[in-house]
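Reviewing the structure listed below.
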Amino acid sequence: MPSAENLIDAVLEDSGLTLQQLAAICAVEPEWVTKHIEEGLLNPLPQQHSEWRFSSAHLVRVRRIVSLERNFEAVPELAALVADMQEEIDELRRRLRRAGLE
């Protein structure tokens, strides 16, 4: 039986979050998300509708960036760079687990 987290991820991947939903979940204004998209720090899913959609990976990324900006007063570009590095570390750890090395 799939875990609740896997089920939530599956639902998010099927339909995605809207700009307003993502902003509300992350406790930021929709303008904050839009600004980060315009600056190339966030990339929404390819548009299938007339509005942007965001996956569970976007949700994690936005939460990381928001946390870095708020807790460490990081400029958006630096916060996004740190989020990039965290995502790369997470991916490398997944690869190590799959290879049975961790």
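The values are calculated or read from the model by the stated rules, or taken from the named source; none is laboratory data. Note that this is a predicted model, so its numbers are computed, not measured. Cβ placement follows ideal geometry from the backbone for every residue including glycine, while neighbour counts extend to all protein chains displayed.
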From the option list Glu77, Glu29, Glu73, Glu51, single residue qualifying as modelled with pLDDT under 95 and either surrounded by fewer than 16 Cβ atoms within 10 Å (Cβ to Cβ) or aromatic (Phe, Trp, Tyr) (or both) is Glu51
Applying the selection to segment 32-48, what residues are of a type in the set (A, V, I, L, M), crowded, with 19+ Cβ neighbours inside 10 Å and not in a loop (DSSP other than H, G, I, E, B)? Val33
Does segment 48-80 hold any residues that are farther than 20 Å from Ala24 by Cβ, in contact (Cβ under 8 Å) with a residue 24 or more places away in the chain and out of contact with any helix residue (DSSP H, G or I) (no Cβ under 7 Å at 6 or more places or on another chain), and which are they? Glu77
Of (1) among the aliphatic types (A, V, I, L, M); (2) within 11 Å of the chain's Cα centre (by Cα); (3) more than 18 Å from Thr18 (Cα to Cα); (4) not in a helix (DSSP H, G or I), Ala80 fails just (4)
Scan segment 81-100 and report the pairs whose first residue is farther than 19 Å from Leu41 by Cα and whose second residue is not in a helix (DSSP H, G or I), with Cβ atoms within less than 7 Å and a gap of 6+ or a chain change. Arg93/Glu102; Leu96/Glu102
